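The values are calculated or read from the model by the stated rules, or taken from the named source; none is laboratory data. Values in this document were obtained by computation on a predicted structure and should not be read as measured data. Heads up, the Cβs are rebuilt from the backbone with ideal geometry, glycines too, and the neighbour counts pull from every protein chain shown. These area figures cover heavy atoms from the full protein model, side chains too; ligands, DNA and RNA do not enter into them. Shrake-Rupley method; radii C 1.70, N 1.55, O 1.52, S 1.80 Å.
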Amino acid sequence: MADKKHPNATHGKSKTKLYAVWRSMKKRCYCLSRKDYKDYGGRGILVQESWRNDFEAFEMYVTNLTSYQSIESPKNTLSLDRINNNGNYEAGNLRWTSKSFQVRNRRVFKNNSSGYSGVHFSYKQYRARIQVNGKRVGLGQRPTAKEAYQLIIDYVKENNLKGFNLKEIQ
């Protein structure tokens, strides 16, 4: 909205929820003092250059994504998610999803000794479990982490579940 006559004019959207999403996204990636910086900028995750200082460019892209609902609406239950959890905030890597869908799209945590998301060691066996529609589903136990993770893969495929960040078993 800034022009030659009004160089300091703004878009007037700095108090909107979408502007807060944009600002928070940038802070996670570039503000070293933020507690969650280590999980974003500290891992090399960046914001697309054309969006970094241009809220309106960001707004134009994300409001045209499939499944966008006005974030200002009280009925909106979706939030912005990176499709590739290790990828940047950039065109082609963003979508609007529910919180329960986003829970599926996580990287394996550093303290996970099995190496597989959803698999942990318990009572001499590896247990497999996942979150589906806000409910934890136990899938069983196996002697190896690889076999337990295969339970997750099979369950996701058999039930045609979307949004799980499954890695191939070597």
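Give me the percent relative contact order of the stretch 36-89, please, defined on Cα pairs under 8 angstrom at least 6 residues apart.
Averaging sequence separation for qualifying contacts and normalising by length gives 40 percent for the stretch 36-89.
With a Förster radius of 22 Å, plug the Cβ-Cβ distance of SER50 and LYS27 into 1/(1 + (r/R0)^6) and report the FRET value to the nearest 0.05.
0.75
Can you give the Kirkwood hydrodynamic radius for the stretch 11-58, in Å, rounded to one decimal and based on Cα pairs?
11.1
Roughly how much of ASP54 is accessible, in Å² to the nearest 10, using a 1.4 Å probe?
70
Before anything else, pin down the relative contact order of the stretch 17-161: Cα pairs under 8 Å, at least 6 apart, normalised by residue count, whole percent.
Value for the stretch 17-161: 13 percent.
For ALA20 and ILE83 in one chain, what is 0.36 nm times their gap in residues minus the Cα-Cα distance, to one decimal in nm?
20.6 nm
Within the stretch 1-92, which GluC sites (Glu not before Pro) sit in a loop by DSSP and count at most 14 neighbouring Cβ atoms inside 10 Å?
Taking the stretch 1-92 and a limit of 14 other Cβ atoms within 10 Å, the loop GluC sites (Glu not before Pro) found are GLU72.
Hey, if we sort LEU46, LEU139 by accessible area with the 1.4 Å probe, largest down, what's the order?
Descending order: LEU46, LEU139.
Report the label-to-label distance for ALA91 and THR66 in nanometres (one decimal), using points 7 Å from each Cα along the Cα→Cβ vector.
1.8
Using a 1.4 Å probe and counting only protein heavy atoms, arrange TYR155, TYR116 so the residue with the most accessible area comes first.
Descending order: TYR155, TYR116.
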